[in-house]
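What follows is a short report on a single structure.
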Amino acid sequence: MTELLYDIAIIGGGPVGAALALALRDSGLQICVLEARAEHVASQDARALALSYGSRLLLQRLNVWNELHDVSPIRTIHISQQKSFGRAVLQAAQLDVPELGYVLPYPALQDALALAIAGAGEVRTYYGARVTELRGETDRAVIRYQPTDTGLIGAHDGERSVHARLAVVADGGRLLAALHPPEVRDYGQSALITHITCSAPNAHTAYERFTPQGPLALLPFKDGYELVWTAPHQTAQEMLAWDDARFLRELQRHFGDRVGEFLSAGKRSCFALGLKRAPQQSPQPHIVLLGNAAQTLHPVAGQGFNLGLRDAWELAQEIIAAAPQTLGTPAMLDAYRKQRRTDREAGIRFTDGLVRLFSNDMPLLSAGRAAALTALDCLPFAKKFVAKRMMFGANG
Ligand SMILES: Cc1cc2nc3c(=O)[nH]c(=O)nc-3n(C[C@H](O)[C@H](O)[C@H](O)COP(=O)(O)OP(=O)(O)OC[C@H]3O[C@@H](n4cnc5c(N)ncnc54)[C@H](O)[C@@H]3O)c2cc1C
């Protein structure tokens, strides 16, 4: 069994883990990324991500922004609720930013980050390395992984290990879920996603429409929109099975005609949604959770990756400021958690509050929501507050 000692080992080379690796590339530390996916195998993830303007600024600092080509800007966000008056419109021009956000496919972001890491040369990436075990010891973390290209069969055949002063778990929340169970809130909802085209798209305008069965978002992308349509799990499964004609008809009924007639829908996929929040305390010494492994949010406000990227940036600053022998110590990890507490809690509360407040058809609540949307639309300071939170988080 080969054993190597790194300063930082990042488990999961998804967008958040990869962003951390890039933020650390000039630190002089020994860094590795262990990613279960095989190298050069295109990600099949069909998600589109809405990145905030704040995330753009961070990706610029990581020298990745200019490498992203499939990006559509959002300059207006239109928020409404079904079967009720009251709506709010946020516009970049009123908020003193060139754009409110950007839409791009998850694989495009992941590929650009992976390419930047490969180009940097300072970070060692192990692809096809599925981590199977992680343990914190007094001065290090011990990580075991199974290379998927050994061709060996059997529980421990071909298993390898690396040691690190700090292991960062950025695997989306799978590895430690049993040992360090997160608090879970099941919204009973799935998100159906697909690309759609329509007869009257409004350039650079995103729509968020709240309905009793869950929120529906249209994110402007290329010749149409990326649709995120939430519904109870069973309904979402039925929606997957509809033929295109029925799908477009039901979407029209649900969303209305703000973008004209819906014309075509691409391949549909489904994601189960819920809130998962890992305990604040690190599970063991020399281990920290990052991105979706630390908190998985409902996509209603497009906050998950944006919050994870801020986590990655701040963790990198904490690591760079620390003396190498203090990496992963309780004091260092406490300082990081303290730094992130307000933004993390605010992101979780905001997203969770939106889902719970808007996903029902109680008449009193519906009237209150309509009044709140109207107030948001009429009060410039309220608009600025909400938009700033969405773009830069609570510490921004
Ligand atoms: C439908 C939907 C829409 C969304 N829309 C938005 C949006 O508009 N804006 C936004 O900000 N967020 C959005 N999100 C949330 C966003 O996708 C996540 O917050 C983001 O992907 C988290 O990144 P991550 O790197 O932490 O985890 P992941 O994206 O889950 O990546 C984890 C990585 O770890 C690897 N891995 C897993 N297990 C192991 C292991 N054992 N060993 C080694 N590697 C492993 C995986 O292969 C993967 O590469 C959305 C989510 C969904 C479901």
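Under a 1.4 angstrom probe, counting protein chains only, how are Val71, Val123 ranked by accessible area, largest first? Intermediate values should be presented prior to the final figure.
Values: Val71 40, Val123 15 Å².
The most accessible residue leads, giving Val71, Val123.
Ignoring any ligand, DNA or RNA, what whole percent of the accessible area of the chain comes from carbon and sulfur when the probe is 1.4 angstrom? Each step should come with its number before you reach the end.
On the way: 9520 of 17630 Å².
That share works out to 54 percent.
What FRET efficiency would be calculated for the residue pair Leu379, Arg349, taking the C-beta separation as r and a Förster radius of 30 Å, to the nearest 0.05? Don't skip to the end; give the middle numbers.
Numbers: r = 21 Å, r/R0 = 0.69.
Plugging the Cβ-Cβ distance into 1/(1 + (r/R0)^6) gives 0.90.
For the chain, set up a Gaussian network in which alpha carbons nearer than 10 Å are linked by springs, and say which option among Gly368, Gly308, Gly101 fluctuates the most.
Gly368
For a quick size check, give me the Cα extents of the chain along its three principal axes, largest first, whole Å.
Here the spans come out as 63, 46, 39 Å, largest first.
Ranking request for peptides 4-13, 21-30, 333-342, 188-197: highest mean number of other beta-carbon atoms within 10 Å first, then the rest in descending order. If you can, show how the numbers build up before the last one.
On the way: 4-13: 23.9, 21-30: 19.1, 333-342: 16.1, 188-197: 21.0.
Those peptides, ordered most packed to least, come out 4-13, 188-197, 21-30, 333-342.
Among the listed pairs Lys267/Lys383; Lys222/Lys388; Lys267/Lys388, which have their C-alpha atoms separated by more than 31 angstrom in this model? Mind showing how you got there, number by number?
Details: Lys267/Lys383 35 Å; Lys222/Lys388 26 Å; Lys267/Lys388 34 Å.
The answer is Lys267/Lys383; Lys267/Lys388.
Kirkwood hydrodynamic radius (Cα pairs, Å) of segment 1-131? Intermediate results must be reported in sequence, preceding the final value.
Numbers: mean 1/r = 0.0599 Å⁻¹.
The answer is 16.7 Å.
Where in the chain are the DSSP H helices whose C-alpha atoms run 24 Å or more along the long axis and whose mean Kyte hydropathy is at least 0.5?
Working: long enough: 304-321 (26 Å, 0.27); 330-358 (40 Å, -0.71).
The qualifying helices: there are none.
Which FRET efficiency value, to the nearest 0.05, do you get for Ala178 and Gln94 by plugging their Cβ-Cβ distance into 1/(1 + (r/R0)^6) with R0 = 51 Å?
For R0 = 51 Å, the calculated efficiency reads 0.60.
What does the highest-first list of 164-174, 278-288 look like by mean Cβ count within 10 Å? Please report the intermediate quantities before stating the final value.
Values: 164-174: 25.4, 278-288: 18.3.
For the peptides 164-174, 278-288, the packing ranking is 164-174, 278-288.
Rank Arg369, Arg140 by accessible area, highest first, at a 1.4 Å probe radius? Show your work: numbers first, answer last.
Values: Arg369 10, Arg140 65 Å².
Descending order: Arg140, Arg369.
Using the beta-carbon distance between Ala272 and Glu250 and R0 = 25 Å, what value does 1/(1 + (r/R0)^6) give for FRET efficiency, to the nearest 0.05? Display every interim value, and only then the final one.
Working: r = 21 Å, r/R0 = 0.82.
Efficiency at R0 = 25 Å is approximately 0.75.
Taking all pairs of different Cα atoms in segment 233-368, averaging 1/r and flipping that mean, what Kirkwood radius in angstroms comes out?
On the way: mean 1/r = 0.0546 Å⁻¹.
One decimal place: 18.3 Å for the Kirkwood radius.
What spacing in nm lies between the two simple spin-label points modelled at Ala372 and Thr342, each 7 Å away from Cα in the Cβ direction?
That separation, rounded to one decimal, is 2.3 nm.
Just reorder Glu183, Glu99 by solvent-accessible area, largest first, 1.4 Å probe, all chains present.
On the way: Glu183 100, Glu99 25 Å².
Ranked from most to least accessible, the order is Glu183, Glu99.
For segment 29-88, what ratio Rg/Rh do Cα atoms give with a Kirkwood hydrodynamic radius? Don't skip to the end; give the middle numbers.
On the way: Rg = 17.9 Å, Rh = 15.9 Å.
Across segment 29-88, the Cα-based Rg/Rh ratio is 1.13.
For the chain, what is the accessible area per residue in Å², given a 1.4 Å probe and the full set of protein chains?
Numbers: 17630 Å² over 396 residues.
That works out to 45 Å² for each residue.
Which of these, Trp229, Trp242, Trp313, has the largest mean-square fluctuation under a Gaussian network model of the chain (Cα springs below 10 Å)?
Trp242
Amide H to amide H under 5 Å from Ile74: which residues, 5+ apart in sequence or cross-chain, H placed 1.01 Å off N in plane?
Leu100, Gly101, Tyr102, Val103
For Asp186 and Lys388, calculate 0.36 nm times their separation in residues minus their Cα-Cα distance, and state this gained length in nm to one decimal. Numbers along the way, then the final one.
Working: separation 202, 0.36 × 202 = 72.72 nm, distance 2.81 nm.
Extending this stretch completely gives an extra 69.9 nm.
Thr329: net charge of surrounding residues, Cβ under 12 Å, Lys/Arg +1, Asp/Glu -1, itself excluded? Before the final figure, lay out the partial values.
Numbers: positive: Arg140, Arg165; negative: Asp139, Glu318, Asp334.
In short, -1.
The values are calculated or read from the model by the stated rules, or taken from the named source; none is laboratory data. Only a predicted model underlies this, so the values are computations on that prediction, with no experimental measurement involved. Every residue, glycine as well, gets a Cβ built from its backbone with ideal geometry; the counts of neighbours run over all protein chains shown. These accessible areas exclude ligands, DNA and RNA; they are computed on the full protein's heavy atoms, side chains included. Shrake-Rupley method; radii C 1.70, N 1.55, O 1.52, S 1.80 Å.
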